[in-house]
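Just below is one structure, and these are the notes that go with it.
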Amino acid sequence: MTTTEPAASLVSLHVNGATWQLTIDSRTTLLDALRETIGLTGSKKGCDHGQCGACTVLVDGRRANSCLLFAVAMEDAEITTIEGLAGPDGTLHPLQRAFVDRDALQCGYCTPGHVCSAAGMLGEAAAGWPSAVSPSLVPDGDGGEGDGHSAAVALDAAEVRERMSGNLCRCGAYVNIVAAILDAAPGGQAGGGGGAGGRAEGAGGRGGRA
């Protein structure tokens, strides 16, 4: 019986401002390339099925489950992992600082995915992307067919829970996770973060994940 070696591909990945030339199995996921080949282990492998959010990274500024992406398909993308959110001098990203200040973690395994997902989510809200609980599902400044300018969505606890529902925390730290995200959100209302606890499906109900 003859065996065939897996096809290998040469891929150039742009990660956290650096370029990596990799020769990898063509079937390698972005998550495995980040962790096993590049050595960026902040992104975690939880379910490996795109259901828990522990592997969330930013791809061209949008959040994505890296366990569902082929690395070879990411050549032209700018990828940001949890290691790339902090400033060059080590200054924490506002979300990282808020998670520390709010003690929004227990074991910490899911935290990198939550922080990266929250960073992408704040960008979506700032761009006016509605969620299932937004008062209007029309992403426009006046809520109608108007001027083509999207007004930022004002975030409260319900919006955060809904938008972060693709990220699970098996320790159940949702109350402080919601509060931390609201602390970092422009015009957020951290005082309303108390309704998030105990939701087994994540920090909210359904969710607008990229």
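The values are calculated or read from the model by the stated rules, or taken from the named source; none is laboratory data. This one's a predicted model, so the numbers in the text were calculated from it and none came from an experiment. To get the accessible areas, we keep the full protein, side chains included, count just its heavy atoms, and leave off ligands, DNA and RNA. Shrake-Rupley method; radii C 1.70, N 1.55, O 1.52, S 1.80 Å.
For a quick check: with amide H placed at 1.01 Å from N, whose amide H comes under 5 Å from ASP25's, ignoring anything fewer than 5 positions away on the same chain?
Here SER9 satisfy the definition.
Could you work out the relative contact order of the range 47-88? I mean the mean sequence separation of Cα pairs under 8 Å and 6+ apart, divided by the number of residues, in percent.
It comes to 39 percent, rounded to a whole number.
Enumerate the amide H contacts of ARG63 below 5 Å, restricted to partners 5 or more residues apart or on another chain; note that Pro and chain-start residues carry no placed amide H.
Counting only residues 5 or more places away or on other chains, the set is ALA210.
Any chance you could look up the accessible area of ASP76 with a 1.4 Å probe, heavy atoms only, rounded to 10 Å²?
Rounded to the nearest 10, the figure is 150 Å².
By its C-alpha gyration tensor, with a ≥ b ≥ c as the square roots of the eigenvalues, how is the range 60-125 shaped: rounded for a/c under 1.5, else prolate for a/b larger than b/c, else oblate?
prolate
In what order, largest first, do GLU159, GLU36 sit by accessible area if the probe radius is 1.4 Å?
Output order, biggest surface exposure first: GLU36, GLU159.
If ILE181, ILE38 are ordered by their accessible area, calculated over protein heavy atoms with a 1.4 Å probe, which sequence runs from highest to lowest?
Listed by decreasing accessible area, they come as ILE38, ILE181.
Is the range 14-85 rounded, prolate or oblate when judged by the Cα gyration tensor, a ≥ b ≥ c being the square roots of its eigenvalues, rounded requiring a/c under 1.5 and prolate requiring a/b larger than b/c?
It is rounded, given that a/c, with a ≥ b ≥ c, falls under 1.5.
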